[in-house]
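Comments concern the structure below.
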Amino acid sequence: MSTTTASATAPAADHPTTTVKKPDPARARRRRRLSQWGFIAPAVLFMVLFFGYPLVRNVLMSFQDYSPSTFFDGKAPFNGTDNWSKVFQDDLFGKALWHTVVFTIGSLIGQFGIGLALAVFFTKRFPLNGVLRSLILLPWLVPMVVSGIVWRRILDQDTGVLNSFLDTFGLGGATPWLTSPGMALFSVILVNIWIGIPFNMVILYGGLQEVPKELYEAASLDGASAWRTFRSITLPLLKPVITVVLVLGFMSTVKILDLILALTDGGPADSTQTLGTLTYQNSFVQLDFGAGAVVGNVLILISAVFAVFYLRANRSEGK
């Protein structure tokens, strides 16, 4: 009997029981947090290197006497607010600021108005709808410098296609579109409107596809006119998309440079000088990097204010 008991209990001695360790919650949280930061770190590093550092460097440069010799000797003495005073006391800064306001507002109104009209138009089904929408995208796909050069040829006073076309119908074929201080800014706005229409149309067209068709059917049964339907149904439901279009349009228009350089180079007589071109002129033509940094900071501040309004508008829409 004792022999049987010993043989039965012997395997238990050969295989001792092992205790399973419970995972440490604090260690698991640390590991999860490290993995999260591993995914975020590349984006944060990119933002710091390519956005944060240039922004801080630009702000510091606006308070320094930064000249071409600085690139060789590394000396950029602090000069307080001298750069800011020089820029704000310059009459050209006031003109550039006013031209920027006119150029931005005029471009946004034209781009948004025509883009919305085309978006509503293309919601109707008709032959070649998709082909026409694709063709309208071409101005947006062409590089802006190329568009500027082409339009400079079109608007040339002596050999331009537009003046030749107007002269054929006796409508005046010698209009100084880009050489008259009174016409140049208007002409640049028209070209920028032509470039920005496709972007507005595409975004607004996508927003219109999300409007429920049942609402239009109900409005039609109630006898609502086309204008009443557009004002009471389309516009309210399109408001978030409109906000995005206008803010993105503002951010890209207020700092525009290449189009104006290609068309007029800020002339004639500084009639198309904007904050973007003034930054370029100060920094890379006159080599006054401190003054250029000041104008650049003004542009950044204006864009930041608009970005805050955009975020608040989105937050209120979410609530």
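Put simply, the convex hull of the Cα atoms in segment 122-198 casts, on average, a shadow of 6.6 nm².
If you sort the three axes of the alpha carbon gyration tensor as a ≥ b ≥ c, you get a/c of 1.5 or more for segment 77-231 and a/b no higher than b/c, which makes it oblate.
Once you order the gyration tensor axes a ≥ b ≥ c over the Cα atoms, which shape class does segment 142-246 get: rounded for a/c under 1.5, otherwise prolate or oblate by comparing a/b with b/c? Prolate, because a/c is 1.5 or more and a/b exceeds b/c.
Helix 184-208 axis versus longest C-alpha principal axis of the chain: approximately 40°, rounded to the nearest ten. Against the main long axis of the alpha-carbon atoms of the chain, helix 235-253 sits at an angle near 70°. Taking all protein chains into account, the per residue accessible area for segment 37-129 stands at 68 Å² (1.4 Å probe). Which percent of the accessible heavy-atom area of segment 184-319 goes to carbon and sulfur, probe 1.4 angstrom? Of the solvent-accessible surface of segment 184-319, carbon and sulfur hold 65 percent.
Build a GNM of the chain with springs between Cα atoms under 10 Å apart, and of Val202, Val161, Val295 the one that fluctuates most is Val161. Stretching the chain fully between Arg228 and Arg125 yields a gain of 34.9 nm (0.36 nm per residue, less the alpha carbon separation).
Assuming a ≥ b ≥ c are the square roots of the Cα gyration tensor eigenvalues, decide whether segment 38-114 counts as rounded (a/c under 1.5), prolate (otherwise, with a/b larger than b/c) or oblate. In terms of gyration-tensor shape, oblate.
Measure off, as a whole percent, the carbon and sulfur share of the 1.4 Å-probe accessible area of segment 36-129, all protein chains present. Ligands and nucleic acids excluded, carbon and sulfur give 73 percent. With all protein chains in place and ligands, DNA and RNA left out, the 1.4 Å accessible area ranks Arg231, Arg31 as Arg31, Arg231, largest first.
Helical content of the chain, expressed as a calculated mean residue ellipticity at 222 nm, amounts to -21500 deg cm²/dmol (DSSP H runs of 4 or more residues, -39,500 (n - 2.57) each, divided by residue number, nearest 500). Ordering 77-84, 48-55 by mean Cβ neighbour count within 10 Å, with the highest value first, yields 77-84, 48-55.
The angle between the Cα long axis of helix 289-318 and the longest principal axis of the Cα atoms of the chain comes to about 60 degrees, rounded to the nearest 10.
Once backbone amide H atoms are built at 1.01 Å from N, Gln64 has Asn79 as its partners under 5 Å, excluding neighbours fewer than 5 places away on the same chain. Dividing the convex hull volume of the alpha-carbon atoms in the chain by its residue count gives 338 Å³ per residue.
Peptides 274-280, 204-210, 219-225 ranked from most to least packed by the mean count of surrounding Cβ atoms within 10 Å: 274-280, 204-210, 219-225.
Annotation: Arg228 carries an accessible surface of approximately 120 Å², with a 1.4 Å probe and no ligand, DNA or RNA atoms counted.
The candidates Arg153, Arg32, arranged from most to least accessible area with a 1.4 Å probe in the full protein assembly, appear as Arg153, Arg32.
The values are calculated or read from the model by the stated rules, or taken from the named source; none is laboratory data. In this text, all values refer to a predicted model and were calculated from it rather than measured experimentally. All Cβ positions, glycine included, derive from the backbone under ideal geometry; neighbour counts span all protein chains shown. We work out accessible area using only protein heavy atoms, side chains counted, and drop any ligands, DNA or RNA first. Shrake-Rupley method; radii C 1.70, N 1.55, O 1.52, S 1.80 Å.
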